[in-house]
């Protein structure tokens, strides 16, 4: 059985990656992480996909790492697992496409990390999130990297030091996810969320995503100067010229990554 499944919908410019190991609560084993990374890398080369949705089969989005790959294992194997996880999260960040987590059920430890690593997230109202490593004597250090870059530090500390679950509504209030919807409509809502983005130019999305994550690590002054340079350099790009021209001409833009509309 494939640990992940990929579907591409070129007409919608959306791809869906499904974590497909529900019997193991979609644990982020080294094999599953490697498969996810391979899927993402391949989609990253596509010029016909603007948005990638990561979802899961079964009632659990992901219960985190498979503890069987940690307990009583050689430290080199343990390090390899966490290096693979860090590498996969980095691939999400560097992917040209926007990555949306579609969260049903629970997302704990590295599963919560995966949600935090995605650019956007939409969750069912029944979803819950936790970094419960402290409860088993194994602090969620790696998950804290992404979680603490999404939620305020005091809330991240509460999650990490209590290990308690937070609800989908609380996760939204603190910035871990973007939207909460009724569980019955989650898939449709995630698809609509992706459609809101997929209609735009991929080169613009890719450049914008790179800028967003680079500037967030800068000082405010440094980021402001970086923004000036970015906007200046972007102004003569084909899609910027086309987009502004279409705005003034009151027509739909013809982005450079789309087949030309022969009727226009």
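General remarks:
- Rounded if a/c under 1.5, otherwise prolate or oblate - the range 202-249, Cα gyration tensor axes: prolate
- In degrees, nearest ten, helix 202-215 long axis to first principal axis of the chain (Cα): 60 degrees
- Mean separation of Cα contacts under 8 Å, 6 or more apart, over the residue count of the chain: relative contact order %: 16 percent
- Considered as an equivalent ellipsoid built on the Cα gyration tensor, the range 134-229 has semi-axes of 29, 24, 11 Å, the largest given first.
- When the alpha carbon gyration tensor of the range 75-142 is reduced to an equivalent ellipsoid, the three semi-axes, largest first, read 22, 19, 7 Å.
- With respect to the chain, whose longest principal axis is taken over its alpha-carbon atoms, helix 75-94 is tilted by about 20°.
- Fewest-first sequence of 51, 204 by Cβ atoms within 10 Å of each Cβ: 204, 51
- Between the helical axis of 238-249 and the longest alpha-carbon principal axis of the chain there is an angle of about 60 degrees.
- Going from the residue with the fewest nearby Cβ atoms within 10 Å to the one with the most, 154, 209, 135, 250 rank 250, 154, 135, 209.
- Radius of gyration and maximum dimension Dmax of the range 7-159, Cα, Å: 15.0, 48
- Rounded to the nearest 500, the helix-only mean residue ellipticity at 222 nm of the chain stands at -14000 deg cm²/dmol, with each DSSP H run of n ≥ 4 adding -39,500 (n - 2.57).
- Here the residues 88, 219, ranked from fewest to most Cβ neighbours within 10 Å of their Cβ, fall in the order 219, 88.
- Principal axis dimensions, largest first and in whole angstrom, of the chain by Cα: 63, 45, 38
- DSSP bridge analysis restricted to the chain gives an antiparallel fraction near 30%, rounded to the nearest 5.
- Shown for the range 1-89 is the translational diffusion coefficient from the Stokes-Einstein equation, using the Kirkwood radius over Cα pairs, a temperature of 10 °C and a viscosity of 1.306 mPa s: 115 µm²/s.
- Within the listed set 29, 144, 245, the residue fluctuating most in the Gaussian network model of the chain (springs between alpha-carbon atoms under 10 angstrom) is 245.
Each value in this text was obtained by applying a stated rule to the coordinates, not by laboratory testing. Source: prediction; values computed, not measured. Positions of Cβ are generated from backbone atoms using ideal geometry, with glycine treated the same way; all protein chains shown enter the neighbour counts.
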